[in-house]
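The values are calculated or read from the model by the stated rules, or taken from the named source; none is laboratory data. Being a predicted model, the structure only gives us computed values, none of them experimental. Using ideal geometry, Cβ is built from the backbone for each residue, glycine included, and neighbour counts are taken over all protein chains shown. SASA here: full protein model, heavy atoms, side chains in, ligands and nucleic acids out. Shrake-Rupley method; radii C 1.70, N 1.55, O 1.52, S 1.80 Å.
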Amino acid sequence: MAEPVVIWGAGAIGGTIGAYLARAGHEVLFVDVVPEHVEAINAGRLRIEGPVDSFTTGSSAVTPDRMTGKHRRILLAVKAHHTEAATRALAPFLAEDGMVVSCQNGLNELVIAEIVGKPRTIGAFVNFGADYLEPGRILFGNRSAVVVGELDGARTPRITALHEQLRLFEPDAVLTDNIFGYLWGKAGYGAILKASALDNESIADFIANPARRGLIVALVREILAVAAAEKVRVLGFSGFDPEGFARGDEAAIAASMQRMEAFNRASAKSHSGIWRDLAVRKRQTDVAAQLAPVRAAARHHGLRTPIADRLVELIGEVEAGTRAIGPESADALCAAAREAA
């Protein structure tokens, strides 16, 4: 049996991965801030549902204040804006030869490494669709890429073992020597999802909407220009072709957008987690936190990011209740893209 694994943050991503590991017989300790969710997991009532799979499982679960021991493998699956606080909270329970695996959206490995050290930080890229519905219930909407890698690209025994364990969840999980290539790819693709949260259209409809095409292309190219300045070889996934976008290849971009539309239309998760945070859960999103390292890198290289900057502003206004989700908000971001051009 594989060594025990801690899932710190048992929501959409962590809850789904952890449920599969628990069902496979691995020792899993879930850590979550929602007492009712912790109670459900302890009682064997963690329900995974949706078109991909349907099962109920359980395992040990605690709130952070009840955490004990030293652990060698901690999968961190909190929202980007909670990364620093969560990493500081878990640090006392991380073994000296342990690792924190960033199963999150964003370039959170940079934050984690500052706290626990680069040698104890593992990069991960996840793109499957899932939503936390309520305590004990998670929607697993679609399968997609799951990738892990050492930050320096090395092939180590620990990364090989982690990869094998994650294949229990995603049989096609990838072990890469270029994890930042995937993470920057997700930054480009994820910018589309962030923009789509300004409207009530599904992700697929947003991508297919001719009125949004210019915005999508300009926003993605803005992000990829920063990645190029960082000298990252950006990698694609799930229909996203970063090379085509970066080149401004109209045919490649059109084909990529058709593939991305098809991928998202086939998912039971119709809207982004960001839209769900705004429209359903009525809480702060991690848009600003996810884009912070991208914007910081841009400033370091003397690059402007006017569209990303405006996206952060608009999402912030929705969070504050001074702007409504709808086509007018998406139009405002389109205007910023036209001005940038």
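Between the alpha-carbon centres of segment 256-334 and segment 59-111 there is a gap of 25 Å.
Report the local net charge at G129: Lys and Arg +1, Asp and Glu -1, summed over other residues whose C-beta lies under 14 Å from its C-beta. Walk me through the numbers before you get to the answer.
On the way: positive: R143, K186, R265, K269, R276; negative: E49, D53, D131, E170.
Within the 14 Å Cβ shell, the charges total +1.
Over segment 285-341, the pair-distance histogram of Cα-Cα distances with 10 Å bins from zero comes to 24, 48, 26, 2 percent, rounded to whole numbers. Taking label points 7 Å from Cα along the Cα-to-Cβ direction, E114 and E250 give a separation of 4.3 nm.
Any number yet on Rg/Rh for the chain, C-alpha, Kirkwood?
Details: Rg = 19.2 Å, Rh = 20.2 Å.
Rg/Rh for the chain comes to 0.95.
Accessible surface comparison of T68, T305, T160, probe 1.4 Å, protein chains only, largest first: the order is T68, T160, T305.
Computed from backbone phi, the HN-Hα couplings of segment 221-238 come to 5, 4, 5, 5, 5, 5, 4, 5, 5, 7, 6, 9, 8, 6, 10, x, 5, 6 Hz, rounded to whole numbers (Karplus: 6.51 cos²θ - 1.76 cosθ + 1.60, θ = phi - 60°; Gly and Pro given as x).
For L94, the residues whose amide H sits under 5 Å from its own are H71, ignoring neighbours fewer than 5 places away on the same chain, with H placed 1.01 Å from N. Straight-distance candidates among the lysines for linking to K282, with alpha-carbon spacing under 28 Å and chain neighbours fewer than 8 residues away dropped: K79, K186, K194, K269. Placing a pseudo-label 7 Å from each Cα along the Cα-to-Cβ vector at E39 and R158 gives an inter-label distance of 3.7 nm.
Protein heavy-atom accessible surface, 1.4 Å probe, per residue over segment 1-100: 42 Å².
Would you mind giving the average projected area, over all directions, of the Cα convex hull of segment 5-130 in nm² with one decimal? Please report the intermediate quantities before stating the final value.
On the way: hull surface 28.6 nm².
So the Cα hull casts an average projection of 7.2 nm².
Return the carbon/sulfur percentage of the accessible area of the chain, one whole number, probe 1.4 Å, all protein chains in place. C and S atoms contribute 51 percent here. For the options A124, A197, A320, a Gaussian network treatment of the chain with springs between C-alpha atoms closer than 10 Å singles out A320 as fluctuating the most.
Amide H contacts of R137 (H built 1.01 Å from N, in plane; Pro and chain starts excluded): R47 sit under 5 Å, all sequence-distant by 5 or more or on other chains.
State the extension gain, in nm to one decimal, for the chain segment bounded by R213 and A91, taking 0.36 nm per residue of separation less the distance between their alpha-carbons. Write down the numbers at each step before the final one.
Numbers: separation 122, 0.36 × 122 = 43.92 nm, distance 4.33 nm.
Gain on extension, R213 to A91, equals 39.6 nm.
Counting only heavy atoms of the protein chains and using a 1.4 Å probe, W275 has close to 50 Å² of accessible surface. Summary value for segment 215-268: 29 percent relative contact order, contacts being C-alpha pairs under 8 angstrom separated by 6+ residues. In the full protein context, segment 207-297 carries 43 Å² of accessible surface per residue, based on a 1.4 Å probe and ignoring ligands, DNA and RNA.
Legend: calculated FRET efficiency, A279 to R167, from the Cβ-Cβ distance at R0 = 35 Å, rounded to 0.05, equals 0.50.
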